[in-house]
Amino acid sequence: MSAQPMTPAFVIHTRPYRETSLLVQLFTFEAGKVSVVARGARAKRSRLKGILQPGVPLLVELSGKGSLLNLKQAEASSLAFPLFGEHLYSALYLNELLYHLLDENTAYPCLYQKYQQSLVALAKQQPLEVCLREFELSLLTELGFALSEPERLAEGQHYQYRLDQGFISSAQLANASFSREDILMLLSFDETNAAHLVCAKRFCRIAIAQLLNGRELTSRALFKQIKVTNRTVK
């Protein structure tokens, strides 16, 4: 990949590399998820030291070829989104989903815009359930798992969801099954309807768990920790 003009991006993951550098996963508007080396980013006088952080809107210039690129230049395009408490952990959750589930070097322009809108909503401390469900449903659609109605949606029948098959008939009622009414709610999802949000949360948990294939998310552990802390304080 030759040198490119500066493109909008967000940091979704970093880790130390050699003595003073960082390996950074960026979510960019033009190329999707990319891996880059930010040379000298951890040096004391590095101009990158304060901006290669999640929640900071960036403009970046990348160069190189192959799966690991070089970060030639990065600048903040605006102030970092102010994220605190559960809203911060929710942003980390979005980052983990992007980090683990997106293909590298594949553009997702609609998902990028939804991600940016989600960060704005989280920074404004809008309802978490609405923000998370809308993003999760958008992510599943972008990954090719958009909701579709089964050929025969029967009253009284229960359905399981499988990524490779969609909704399939189930012989038994279980926590992971969906009724006809559930599926119709998902197909007509209304973020202002509490029942729709509950149903969408259950569906997204099931679908994303299949995508993660047993991988644990750090953000979920943080959510549990803050809930325990809040109960203790009260």
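Here is how the numbers come out for the structure above:
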{"read-out": "Residues satisfying the stated conditions in segment 109-148, i.e. within 30 Å of Y159 (Cα to Cα), of a type in the set (G, A, S) and out of contact with any Lys or Arg (no Cβ under 6 Å at 6 or more places or on another chain)", "value": "G144, A146, S148"}
{"read-out": "Count of residues meeting criterion [more than 18 Å from S118 (Cα to Cα) and surrounded by 12 or more Cβ atoms within 10 Å (Cβ to Cβ)] in segment 190-204", "value": "6"}
{"read-out": "Selection status of A121, crowded, with 18+ Cβ neighbours inside 10 Å and free of Cβ contacts under 8 Å to residues at least 24 places away in the same chain", "value": "yes"}
{"read-out": "Hits in segment 178-201 (condition: assigned to a helix (DSSP H, G or I), touching a helix residue (DSSP H, G or I) at 6+ places or on another chain (Cβ under 8 Å), under 29 Å from Y99 (Cβ atoms) and not small (G, A, S))", "value": "L186, H196, L197, C199, K201"}
{"read-out": "Close pairs (9 angstrom Cβ cut-off, 6 or more residues apart or separate chains): assigned by TED's automatic domain parsing to the domain that holds S46 and basic (K, R) in segment 1-20, modelled with pLDDT of 90 or more and assigned to a loop (DSSP other than H, G, I, E, B) anywhere", "value": "R18/R39"}
{"read-out": "Residue within segment 175-198 that is more than 19 Å from E136 (Cα to Cα), in the same structural domain as L153 (by TED's automatic domain parsing) and modelled with pLDDT under 80 present", "value": "yes"}
{"read-out": "Every residue from segment 144-170 that is modelled with pLDDT of 90 or more, crowded, with 17+ Cβ neighbours inside 10 Å and touching a helix residue (DSSP H, G or I) at 6+ places or on another chain (Cβ under 7 Å)", "value": "F145, Y159, Y161, F167"}
{"read-out": "Verdict on L48 being outside the structural domain of Y108 (by TED's automatic domain parsing), at pLDDT 95 or above and surrounded by 18 or more Cβ atoms within 10 Å (Cβ to Cβ)", "value": "no"}
{"read-out": "Subset of segment 98-125 [of a type in the set (K, R) and either assigned by TED's automatic domain parsing to the domain that holds T14 or within 13 Å of the chain's Cα centre (by Cα) (or both)]", "value": "K114"}
{"read-out": "Qualifying residue in segment 212-224 (condition: in contact (Cβ under 8 Å) with a residue 40 or more places away in the chain and not in a helix (DSSP H, G or I))", "value": "yes"}
{"read-out": "Any hit, segment 176-189, residues being surrounded by 12 or more Cβ atoms within 10 Å (Cβ to Cβ) and within 24 Å of E216 (Cα to Cα)", "value": "yes"}
{"read-out": "Residue list for segment 50-65, filter: in a loop (DSSP other than H, G, I, E, B), among the small types (G, A, S) and touching a residue at least 60 places away in the same chain (Cβ under 8 Å)", "value": "G55, G64"}
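The values are calculated or read from the model by the stated rules, or taken from the named source; none is laboratory data. Computed from a predicted structure; not experimentally measured. Cβ atoms come from the backbone with ideal geometry, glycine included; neighbour counts cover every protein chain shown.
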